[in-house]
1. Spelling out what I want: for every residue of region 290-299, take phi, set θ = phi - 60°, compute 6.51 cos²θ - 1.76 cosθ + 1.60 (Karplus), and round to whole Hz; glycine and proline get x.
2. ³J(HN,Hα) across region 329-338 via Karplus (A = 6.51, B = -1.76, C = 1.60, θ = phi - 60°), whole Hz, x for Gly/Pro?
3. Could you state the number of Å between the C-alpha centres of region 36-110 and region 365-386?
4. Positive end of the charge dipole of the chain (Lys, Arg +1 and Asp, Glu -1 on Cβ, about the Cα centre): tell me which of 343, 45, 308 has its Cα farthest that way.
5. How far, in degrees from 0 to 90, does helix 117-144 lean away from the longest principal axis of the Cα atoms of the chain, to the nearest 10?
6. Once both labels are modelled 7 Å past Cα along the beta-carbon direction, what's the residue 53-residue 178 spacing in nm?
7. Ranked highest first by the average count of other Cβ atoms within 10 Å around their residues, in what order do 196-208, 315-327 fall?
8. Along its three principal axes, how long is the chain when you only count alpha carbons? Whole Å, largest extent first please.
Amino acid sequence: MPLPAVPTPVSPAVPPPPGSLRAGLARPVALVRWLWSAYTTPGPPGRSTTPTELRWIYTAWLGAFGLKMLGSSWDVSWHFMWLRDDLAPPHLLNSAGTALVIGLVVFHSYTGYGVDRRALRLMQCGIGLFLVAVPLDIINHRINGLDITSWSPSHALLYIGTAVMLAGALRGWWLSAAPGRVRDLVSLGLWLFFVENVLFPNQHQEYGVLSLRAYDAGRTTAEPQLLDFAASQGQSPATFMLPVPSWVHPAWLVCAGLLSLVVARKVVGLRWTATTIAATYLAYRAVMWLGLVAIGFPPSVLPVVLVVGAVLVDVAVTRRVPGWAAGVGVAAAVYAGAVVQEALGLLPPWNWWSALPVAAGFALLWAGVDALTGSRWPARWQTADETADEPETVRV
């Protein structure tokens, strides 16, 4: 005897959709009501999502991290001019992006659209780490006073949380979107935010070298209250403007920044992936430099040598040069380019004796990436954990 047919569930009455994006934006309340009624229905990860829905969802991800990147870029310059303030404009801008990220993670968790289970777990773990780090960072500032260094443990937890969130978004988009130009462009955008997050700590030295130079020349860009507060904490201008040893900036740029570009190149697969991301990052930094200086905030130097390394990363991966050999050559070229840039006064102080250990470390890390990509990991990355087994829901 055949089983009785199970009726296809129909979603509750949904308001008619706006005729166009412009019409929707003209009536935002009606647009939100329609989106809520049409799409906030519960479902497991891996739920069927149309290309249009994916573009809307991941455009929101790009917007969220765009707000976070703008806020954090302004924040660095702000801290070289003013005392820290929890409600400073750059913090509010960054918080707006974080709020949108939280909303997106809640949306994915409830509806299951646009993610598999592993991508969702990465998003959830990342935002969890970030939200734990926020109060820890506030407590750290209350206890330790000024603490403007980008290298504090609480700041590191913020960077790690952001990186894990982005890993989830990268996986969710790559698995859900159809191969083609749109998938490549959005992936490049998400990788740009990933690399910017990785390189963010180095901005402390990149702002600090010019701020210290201005202070020594008697034309400081810092407000007196900032310098007075630093002095009351027992910190000299050099201590809080360049708080880490001179080997840290080159080591981090090569072993973290360029390594991220190596992974991006291998995952995205486009010939000039690393170069495109690095050049876009530097172009963004240059535009921010112009904007911030125009409104009176301190300038920074730009790590132009990043492009040297990025071009060589693309060439090495395309020509299938082993990582243990490519790592040494790329690191050597970056250090050679840095000699010129530092001679022009456009880099923080570099410890040149760090070249050998940095090159060896980068070669080892790149060889590790090669071993990983030669394993079964790429196949697992490109395969969703599961496809949701759900009845079709009729959307009006």
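1. 4, x, 5, 5, 4, 9, x, 8, x, x
2. Result, ordered by residue: x, 5, 4, 4, 5, 5, 5, 5, x, 5 Hz.
3. First find each Cα centre; the distance between them is then 28 Å.
4. 45
5. So the inclination is approximately 40 degrees.
6. Roughly 1.6 nm, to one decimal.
7. On the way: 196-208: 23.4, 315-327: 17.1.
By packing density, highest mean first, the sequence is 196-208, 315-327.
8. For the chain, the Cα spread along each principal axis is 88, 50, 37 Å.
Coordinate-derived values only; no laboratory data. Only a predicted model underlies this, so the values are computations on that prediction, with no experimental measurement involved. Positions of Cβ are generated from backbone atoms using ideal geometry, with glycine treated the same way; all protein chains shown enter the neighbour counts.
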